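J.: I'd like to ask you about the structure that follows.
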Amino acid sequence: MIRALFVIALMLLPAFPAAAAGVFKCVTEDGAVRYSATPCENGDTEKLDIENEPTDVDAVRERIENRREQVASLNEAETRAAEAEAEAQREAEQRAQQCTAARERLEKMMMERRMYRENGGQREYLTSEEMVQRRQEMRDKVAEYCN
C-alpha cells in the first residue's frame with residue numbers, strides 16, 4: 001500500500017511546477033507593488049525575467065567556511081604584522097639608547113687626558129697610540145648605533 005502511494009507520488013511529481021519558479025510583479029487595485037513567487041490572485045500580474053532557484057545549502061556552508069578561513073588567515077597576518085611592528089619599535093628604541101650611551105662615552109673619552117685599563121687590580125695607563133685607537137673604536141660604535 002505504501003509502495004503504491006510512493007509510485008503514484010513519483011508519477012505526479014512532473015505535474016508540479018519546477019523548483020526554479022519565476023518572479024511575479026503584482027500591482028494591486030490600490031496601486032501597491034508586490035513581488036512574489038506566485039501570480040497575484042487580484043490585480044495586474046507581470047512575470048519578470050528573473051528565475052528564483054532554491055538555495056544550495058551545501059554551497060552556502062562551503063562559502064561560509066571559506067570566508068571564515070579567509071578571515072582567520074587575515075587576522076593571523078594582521079597579528080603577525082603588529083608583532084613585527086612592535087618588535088621593530090623595540091629594536092629602534094634599544095638602538096637609540098645604545099647611540100646615546102656611545103655618544104656619551106665618546107664625549108667623555110675625548111675630554112680625558114689619560115686613559116687606563118685594569119690589569120690584575122692595578123691601573124695600566126694607555127699610550128697615546130692606544131688612546132687614539134680606543135677613541136676610533138668608540139667613533140665606530142657611535143657610527144654603528146647612530147646611523
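J.: Across region 49-91, what is the total count of residues that are over 12 Å from the mean Cα position of the chain (by Cα), surrounded by 10 or more Cβ atoms within 10 Å (Cβ to Cβ) and aliphatic (A, V, I, L, M)?
T.: 6
J.: Among all residue pairs at least 6 apart or on different chains, which show Cβ distances below 6 Å where the first residue, located in region 112-140, is within 20 Å of residue 101 (Cβ to Cβ) and modelled with pLDDT under 90 and the second is part of a strand (DSSP E or B) and open to solvent by less than 90 Å² (accessible area, probe 1.4 Å)?
T.: From residues that are within 20 Å of residue 101 (Cβ to Cβ) and modelled with pLDDT under 90, the pairs are 117/124.
J.: Which numbered condition trips up residue 88, out of (1) at pLDDT below 95; (2) under 30 Å from residue 147 (Cα atoms)?
T.: Residue 88 satisfies every listed condition except (1).
The values are calculated or read from the model by the stated rules, or taken from the named source; none is laboratory data. Here the structure is a predicted model, which is why all the values come from computation and not from measurement. Methodologically, a virtual Cβ is constructed for each residue, glycine included, from the backbone with ideal geometry; neighbour enumeration extends over all protein chains shown. Accessible surface areas use protein heavy atoms only, side chains included; no ligands, DNA or RNA. Shrake-Rupley method; radii C 1.70, N 1.55, O 1.52, S 1.80 Å.
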